[in-house]
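Please treat every number below as a calculation from the coordinates, not as lab data. As the structure is a prediction and not an experimental result, all values here were calculated from the model. Neighbour counts run over all protein chains shown; Cβ positions are idealised from the backbone, glycine included.
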Amino acid sequence: MDLRIERGKTTRERLISVGYELFGANGYEGTSVGAILDEAGLARGAFYHHFATKAELFEAVLDRVISQIANETAEAARKFDDPVDQLRAGCAAWLDAAVDPAVQRIVFTEGMSVLGWDRYREIDEGHTLGGLKSNMRAIARAGRIPQKSAEILAHMVAGAVGEAAKLIVSAEDSAAARKDGQAALDTLLNRLVGP
């Protein structure tokens, strides 16, 4: 019984991993279930045991990517004691992720169109907003922003970082746009919480 469960987990992980590679390289429409199965070396039944549709696999891939980005931003933030420095580091890590072509395609180009705005936001907020709200509350406790504004400011910062990431994605030169996005974000955060 345990061996079957482990094999099932391994198969699911393999499908998500291959889905990331193919969706990241070819996009949602450019990736067929057959191509996923060929690349994964699995039978069709294995796919449909774990995912009812290609869209379900895409959702699992998107969820995994956003979760990994959230973990990277949290790790970057943990390097600092000051909550404002934590905020800056977390935002910078999010912008760093926007330079990766596979992340660009899965998260920023196709995520909303494949899953719809509501589901995309639910996944994104499920992984990112809690940490950002906690960070903004810490900044408020330090007297850097009004306590009553912490939650709304968390949403606003998330929106600003998301928009900066989208500009990086749509730029011809992602590296240059990343630099410009960081400069603009620094200006915003300096005005919000001071240098």
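Here are some notes:
- Environment charge at Arg144 (Cβ cut-off 13 Å; Lys +1, Arg +1, Asp -1, Glu -1): +2
- A compact globular protein would have a Cα radius of gyration near 2.2 N^0.38 Å; the ratio found for region 98-154 is 1.45.
- Per residue, the convex hull around the alpha carbon atoms of region 142-195 comes to 63 Å³.
- For the chain, the longest principal axis of the alpha carbon atoms and the long axis of helix 174-193 meet at an angle near 40°.
- Glu163-Glu13 FRET efficiency (beta carbon distance; Förster radius 35 Å; 0.05 resolution): 0.60
- Here the Karplus relation 6.51 cos²θ - 1.76 cosθ + 1.60, evaluated at θ = phi - 60°, turns the backbone of region 40-46 into coupling constants of 7, x, 10, 7, 4, x, 5 Hz, with x for every Gly and Pro.
- Three principal axis extents describe the C-alpha atoms of region 1-89; from largest down they are 51, 37, 18 Å.
- Value in Å of the Kirkwood radius, where region 62-156 supplies the Cα pairs that are averaged: 13.9 Å
- Ellipticity at 222 nm from helices only: DSSP H runs of n ≥ 4 in the chain, each -39500 (n - 2.57), divided by the residue count, give -25500 deg cm²/dmol.
- Spatial separation of Cα centroids for region 45-98 and region 11-25, in angstrom: 15 Å
- Once the C-beta distance of Asp173 and Phe80 is scaled by a Förster radius of 41 Å, the resulting FRET efficiency is 0.90 to the nearest 0.05.
- Within-12-Å neighbourhood charge of Arg12 [Cβ basis; K, R +1; D, E -1]: +1
- Radius of gyration and maximum dimension Dmax of region 1-52, Cα, Å: 11.3, 37
- Once each of the GluC sites (Glu not before Pro) sitting in a DSSP loop with at most 15 other beta-carbon atoms within 10 Å is removed, the chain keeps 30-171 as its longest stretch.
- Rounded to whole Hz, the Karplus (6.51, -1.76, 1.60) HN-Hα couplings of region 56-62, x for glycine and proline: 5, 5, 4, 4, 5, 5, 4
- Radius 10 Å from Cβ of Tyr28, net charge of other residues (Lys, Arg +1; Asp, Glu -1): 0
- Convex hull (Cα only) mean projected area of the chain, reported in nm² to one decimal: 12.7 nm²
- Added length on full extension, which subtracts the Cα-Cα distance from 0.36 nm per residue, His155 to Ala35: 39.4 nm
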